[in-house]
Amino acid sequence: MATLKTANGNGKYSDTNAKENVISYILNPYKAKQYSGSMHITDADPIADMERISRQFGKEKGIQLRHFIISFDPEETTDPRVVAAIACEIIPYLGREYQLVFAVHEDKPHLHIHIVSNAISYIDGHRYYGTRQEFNGFKAHIKQVLRRYGIHTLQYVSNRMGEA
């Protein structure tokens, strides 16, 4: 069964190094061996580009990013190309308003996608708060994508530690 986790580490997504720490973690070449990407990132440095948007809208304080992890049971897929294709279909949902970086981690028996979204919209500077309505829409989109790949169950877990 696929699992969706939200990483909400106590204060770690609000500090000044949040973008650097989390994006560096998900793009670690030991974990993300070959499949990663971004959306609405114009610079070669996604951290600097996300920080530029936060500065542009005067939102350098508060929650700086959102971190989602989608894990797959080895019975569902062991092919990182399939997981990368799933990620590429999922990210446009949040990408309508937010900059995103994703990576497929292959360092554990269960493949998993890390999606990091700037919490500040590149369009008008509003903040993604993860309200029930916002999150349920995103979750419904993920379920729809997964069904196209024959994955019919998505379990949700709130992961306070931010680890997959």
Inset, instruction - Filter segment 95-121 down to the residues that are part of a loop (DSSP other than H, G, I, E, B) and among the hydroxyl-bearing types (Ser, Thr, Tyr), then identify the one that is nearest to Gly62 (Cα to Cα). - result: Ser121
Inset, instruction - Residue by residue through segment 1-54, note down the ones that are closer than 18 Å to Leu94 by Cβ and at pLDDT below 90. - result: Ala7, Asn8, Tyr13, Thr42
Inset, instruction - Among the residues of segment 63-91, write down those that are touching a Leu at 6+ places or on another chain (Cβ under 9 Å) and of a type in the set (Gly, Ala, Ser). - result: Ser71
Legend entry - Residue list for segment 122-151, filter: assigned to a loop (DSSP other than H, G, I, E, B), modelled with pLDDT of 95 or more and surrounded by fewer than 19 Cβ atoms within 10 Å (Cβ to Cβ): Ile123, Asp124, Gly125, His126, Tyr149, Gly150
Inset, instruction - Return a yes/no flag: does segment 63-84 have any residue that is over 21 Å from Val157 (Cα atoms), of a type in the set (A, V, I, L, M, F, W, C) and in contact with a Ser or Thr (Cβ under 9 Å, 6 or more places away or on another chain). - result: yes
Inset, instruction - Scan the strands (runs of 3 or more DSSP E) fully inside segment 1-94 and keep the ones with 1 or more residues being small (Gly, Ala, Ser), closer than 22 Å to Leu111 by Cβ and open to solvent by 50 Å² or more (accessible area, probe 1.4 Å). - result: 36-39
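The values are calculated or read from the model by the stated rules, or taken from the named source; none is laboratory data. Given the structure is predicted, the values throughout are model-derived calculations rather than measurements. Note that each Cβ is placed from the backbone with ideal geometry, even for glycine, and that neighbours are counted across all protein chains shown. Please note that ligands, DNA and RNA were not included when accessible areas were found on the heavy atoms of the full protein model with its side chains. Shrake-Rupley method; radii C 1.70, N 1.55, O 1.52, S 1.80 Å.
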